[in-house]
Each structure stands twice: as structure tokens, then as C-alpha cells.
1. With Ser327, Ser342, Ser323, Ser349 as the choices, which residue is open to solvent by less than 30 Å² (accessible area, probe 1.4 Å), assigned to a loop (DSSP other than H, G, I, E, B) and among the hydroxyl-bearing types (Ser, Thr, Tyr)?
2. From the list Glu530, Glu525, which residue is part of a strand (DSSP E or B), open to solvent by 30 Å² or more (accessible area, probe 1.4 Å) and of a type outside the set (Lys, Arg)?
3. So in the range 9-18, with the set limited to residues that are part of a loop (DSSP other than H, G, I, E, B) and touching a Phe, Trp or Tyr at 6+ places or on another chain (Cβ under 9 Å), which one is surrounded by the most Cβ atoms within 10 Å (Cβ to Cβ)?
4. Which numbered condition in (1) part of a loop (DSSP other than H, G, I, E, B); (2) more than 26 Å from Phe408 (Cα to Cα); (3) open to solvent by less than 50 Å² (accessible area, probe 1.4 Å) is the only one that Asp250 fails?
5. Going by the conditions given, is Gly259 open to solvent by 20 Å² or more (accessible area, probe 1.4 Å), touching a residue at least 24 places away in the same chain (Cβ under 8 Å) and part of a loop (DSSP other than H, G, I, E, B)?
6. Among the residues of the range 354-373 satisfying the criterion of being of a type outside the set (Gly, Ala, Ser) and over 16 Å from the mean Cα position of the chain (by Cα), which is nearest to ligand 2 (Cβ to nearest atom)?
7. Pick from the range 115-150 the residues that are in contact (Cβ under 8 Å) with a residue 40 or more places away in the chain and more than 25 Å from Thr390 (Cβ to Cβ): which of them is most open to solvent (accessible area, probe 1.4 Å)?
8. All but one of (1) part of a loop (DSSP other than H, G, I, E, B); (2) within 16 Å of ligand 2 (Cβ to nearest atom) hold for Ile65; state the number of the condition that does not hold.
Amino acid sequence: MEKTWWKESVIYQIYPRSFNDSNGDGIGDLKGITEKLPYLSKLGIDVIWLSPVYKSPNDDNGYDISDYRNIMDDFGTMEDFDEMLEEAHKHGLKIMMDLVVNHSSDEHEWFQQSKSSKDNPYRDYYIWKKGENGQPPTNWGAAFGGSVWEYDETTGEYFLHLFSKKQPDLNWENPVLRQEVYEMMRYWLDKGIDGFRMDVVNFISKDTSYPEGEKAEGALYGNGGPHFMNGPRIHEFLQEMNREALSNYDTITVGEMPGVNVEQGKLYTGETRNELNMVFHFEHVGLGDGKHGKWDPQEWKLTDLKEIFTKWQKGLENEGWNSLYWSNHDQPRGISRWGNDSDEYRVISGKMIATCLHMMQGTPYIYQGEEIGMTNVKFESIEDYRDIETLNAYRDLTPNFLSYDEIFKGIYERSRDNARTPIQWDASENAGFTDGTPWINVNSNYKEINAEAVLADKDSIFYYYQKLIQLRKKNEVIVYGTYDILHEDDEQIYAFTRTLGEDKLLVICNFSEDTPEFVLPKNIEFSANEVLISNYHVDEAQAIDRFTLKPYEARVYRLT
Ligand code: TEU
Ligand code: CA
């Protein structure tokens, strides 16, 4: 297996709007990021994934780009960007930008031209179709509600938008559009950025026959997913992008791919495929989805989580590379989703889920605030929510499909705004995020949960993450070792080994607040064991063939 820097890296995602506000307008910005680079350097991460900072009307908080070569006014100027990039590199940190080219904003000049007339040179930069008998071309539903087709009076046709109607899909069948994208990518790579996270990049090749989607009983729209995910020309496009834009630079690339499976993951990340370095799959974050997806979440089972992770660990072994994440700007906070965010277990379970993820094979991602132990938020009123997906779900699902109590249960558990409340830097007003009025309210637990507090506590979750990162740097077995699951049917304990030559690690994570007994399988031979990291004090002399775990206990042993 090829050894490379991006396999050995730990990546930290910054959602700039909520990270740090330097000028008191209540919105995080680029100067605010530059101010915090020493903090990130102390944590020990290697790469920053920067959510979009390009010009945008913020219908979807920057994932609707109106100018790919200029900085959003809210975030500052291109000079601020250049300073942040230079300072990051001085701190030994690489910058991975967010590439959003499945769609643009409807306020992009390309779309303004395209919609103006059928024979405009930019017409085919987007996907326009006639309807039939007043009906849209297909019955597909959009991710943020409604149909994926929006009728445009000017030319009497519909345009496709898989997300909001202010996010028209770009037409990747058009080679001129594709060259525009590659040229833009080279513009940023020539400025010195280090790679791209590619937004829903497995959506860019559609089934151009545009068939109807299967419609579930009682659903308003059909499921277009099978007709735009992992489409017929996706590998051709990614290999062309690699040839035209990436291959001339030493980059890190990760494809965000809702609906990708392991077999496809091998094709996207295979070392000889010349496509991407790694992908984000969505199999674990969909666990517990109900009839209305994330909005009526059900209990999830640890055995299902273990099955998914094991499938991807073994599936990409020696064939590709995994991205490892619990949360991001679209997902609830990791401690609330996978651990236990009660006062009693928040920190200990946060350390446990961190251990589980960072001891697997793949590149681990830390979402901003995870290293502080931040949790989900509960706003009293829907007026306090900002996320278009949350607001549209509230509008569309209540009261006919879900009651107000039910939708709020779903919002509290899964809204994207859970991950978008301002980073809690200290216990001062607005958690030190801004001197102004924050664009979204700060989580009311900021007095107890903030960066200043964790930096002052040597047993905090911050220093636990710092140690996990240091261990990854010092132990090749953590990066390259083979993963093998233990006790896969256990509903409380997630245990696995990592093996690289003579090096063997035993990772044991109790995902419950119970105290189950761990029994070491007889076929695991060793003569000595050393605790590499644990979230409780462990008596090194204790025998490890069987022992009782504490609530949310995590231990990593090196076996020799
Ligand atoms: O998200 C892709 C996506 O599928 C989202 O719909 C996400 O999975 C969902 O919100 C979870 O419930 C990417 C970006 O990460 C997201 O922020 C954007 O809203 C979306 O694409 C459109 O650009
Ligand atoms: Ca600001």
C-alpha cells in the first residue's frame, strides 16, 4: 500500500460563518480564522477543510456560489484569504477548499445569461427541459423540498436543481462548462491551496434520459437518487478533472458522496484509478432514519454501526482509502449523536467516540468544536433556526406529516444547525465568538463548555484529541495497520484490533452507560500489554483476558 502524507494527516473542518468573528458583525470570517491558527496548530491537526468562502447570496450558507473566484463579503477580502493561506502554511497547516460544482447559485453570471434566452452561449451550462402537459419533466423531489424542476417564464422551460431553487445544477454533459470548472480549480491551486473537498461530486453525471423516480406510498415526489447518484459518466468526468486540474499538483481530494457504496468507493479511491484520494459515505449518518428520514429519527443499534464501519474498513483495505467522521456542518454534534451529552457522560463519551474513530484505518476528520466537547442545541422557537433544510422541513412536514412535537424532536436530534452554533471560545458574552449579535444564537451551555476551559484542564477532551493525533504520528500501525473486528454481535462494546507486522493494537470502546464485561478472544496471543490511551485511569497490572468496563470506557492496548 502506498504511503502518503494525506493518509497520515488529521483534518479539521472549519465552517467559517460560525468559527470566529473578528470585526463584530456577528459572522465568522477569514481574519477570525487567521487569529485561531495557533490554537489549531496546538491541537496538532495537519489540514484545514474550509467550507465555502466564495461569493454567495447565502441561500444555503455558501453552498450556492455566485462567483467562484472572489471571496464572500461577509468573510472578508481576497487579501484576507491570501493572508490566512500564508499564515496557515507558516504554521505547517494545509488548506483544502470546498469545491461546489454540481450546482452554482442562480445569481451566478452564468445562470443569469443562461436563463435569458434559449440561444444564449451559456444556455447549456445548466440543465433545461420542457415539461409535458404543464407537468415538470420528472417527479423527482429536491433535497430541500418541492420538485427538482423550477419553471422559468422567460423561455418557457424548467431548470434542474437537486437542492434549493437558488442552486441550479450545472450541466456536466457540456465540455465547455467542464473546462470552466477545471480552469477555476487551477486558479485556486496556483494560489497555493492544497486540495478540495468536493460537494456531492457523485451527482454531476445524471442519467440523461431523465426517467421517473420510484414514488413511496403517500409520497409527494419520486426518488431521483438512482438517476443522479454515481451516474454513467462519473468516472470519466473525475478522471478528466484529475488529468486537467489535479495531477499537476500535490493535492488532497475527498469526494462527498451521498448514496455511494463500498464497491463504488473502490473505484473512486483506488490508487491506480486517478480519480480521488478518499470519499465521505453516508451509511452511518443515516442510521435511525424514520419514514420521514432524519426528521423522525428512531433508535440506532451499535451492531449496525459496527457492520457499516467494518464493511468500509475491509472493503477499502489495500484497495482505496477511508475518510473517518462522526460529524460535519450537515450533521448533529458527535457527542449528542453517538455518545451521551448529559453532564455526567458528555466528556467521557466524547473521548470514547474520538478513540473509536481515530484508531481506525483512514483519514480522521475533526469537526470544529468537537475538540471542545460541544453538543447539540435546543432553541425554543423555529424563529431561532437558520438552516434552509430545517426551515423547509418544518414548513413542509407539519402539521400533515409530523406534529410540532415530532418535528421538534427531529430538529433537536438532527438539524444541521446543531453543528452551526458559534464556536464557544470562552465564558464571556456570546462565548467570545463575536462582540456583535451572532447570526445564530450561541448554545446556552457555553459557560461550562468552551475552549478556554478545556485548554486550562489537562484532563480535558482537547488534550485527549491532541494525544490521539500525536499517537497517530508516532505509530504507523494506527495509519496503516489492518483492522479486524472483535465480538461483532455485542450491542454495547465496539472492539477491534489493528495489525502491522509485529505491531498489534487492541481497541475497546464501551458505547453504553452500562458496565459490560470484555472478554479477550483466545486466538489473540500476546506476552505483554501497554496502555496507549484510555479515558479513565487504568491499572496497568490488571489482566486483560477479561475485565469489566466502566460507562463509555475506552482503552487502547499495544500488545507485544
Ligand atoms: O450536502 C450534501 C447533502 O446530501 C446534504 O443534503 C446533506 O447530506 C443533508 O443536508 C443531511 O441531511 C452538501 C453540503 O455539505 C451541504 O451543506 C449542502 O447543503 C448541499 O451539499 C448542497 O450544496
Ligand atoms: Ca465577521
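1. Values: Ser342 fails: open to solvent by less than 30 Å² (accessible area, probe 1.4 Å); Ser323 fails: assigned to a loop (DSSP other than H, G, I, E, B); Ser349 fails: assigned to a loop (DSSP other than H, G, I, E, B).
When all the criteria are applied, what remains is Ser327.
2. Glu530
3. Of the residues in the range 9-18, the ones part of a loop (DSSP other than H, G, I, E, B) are 9-10, 15.
Next, only the ones that are touching a Phe, Trp or Tyr at 6+ places or on another chain (Cβ under 9 Å) stay: 10, 15.
Numbers: Val10: 20, Tyr15: 24.
Across the range 9-18, the extreme among qualifying residues is Tyr15.
4. Only one criterion in (1) part of a loop (DSSP other than H, G, I, E, B); (2) more than 26 Å from Phe408 (Cα to Cα); (3) open to solvent by less than 50 Å² (accessible area, probe 1.4 Å) is unmet by Asp250, namely (3).
5. On the way: open to solvent by 20 Å² or more (accessible area, probe 1.4 Å): yes; touching a residue at least 24 places away in the same chain (Cβ under 8 Å): yes; part of a loop (DSSP other than H, G, I, E, B): yes.
Yes, satisfied.
6. Keep residues of the range 354-373 that are of a type outside the set (Gly, Ala, Ser), which gives 355-361, 363-368, 370-372.
Filter once more, keeping what is over 16 Å from the mean Cα position of the chain (by Cα): 355-356, 359-361, 372.
Values: Thr355: 35, Cys356: 35, Met359: 37, Met360: 36, Gln361: 39, Ile372: 20 Å.
Once the filter is applied, the top-ranked residue is Ile372.
7. Only one residue tops the list, namely Asp124.
8. Only one criterion is unmet by Ile65, namely (2).
The values are calculated or read from the model by the stated rules, or taken from the named source; none is laboratory data. Everything numeric here is computed off the predicted structure, so don't read it as measured data. We place every Cβ from the backbone using ideal geometry, glycine too, and count neighbours over all the protein chains shown. In case anyone asks, the SASA skips ligands and DNA or RNA and just uses the protein heavy atoms, side chains included. Shrake-Rupley method; radii C 1.70, N 1.55, O 1.52, S 1.80 Å.
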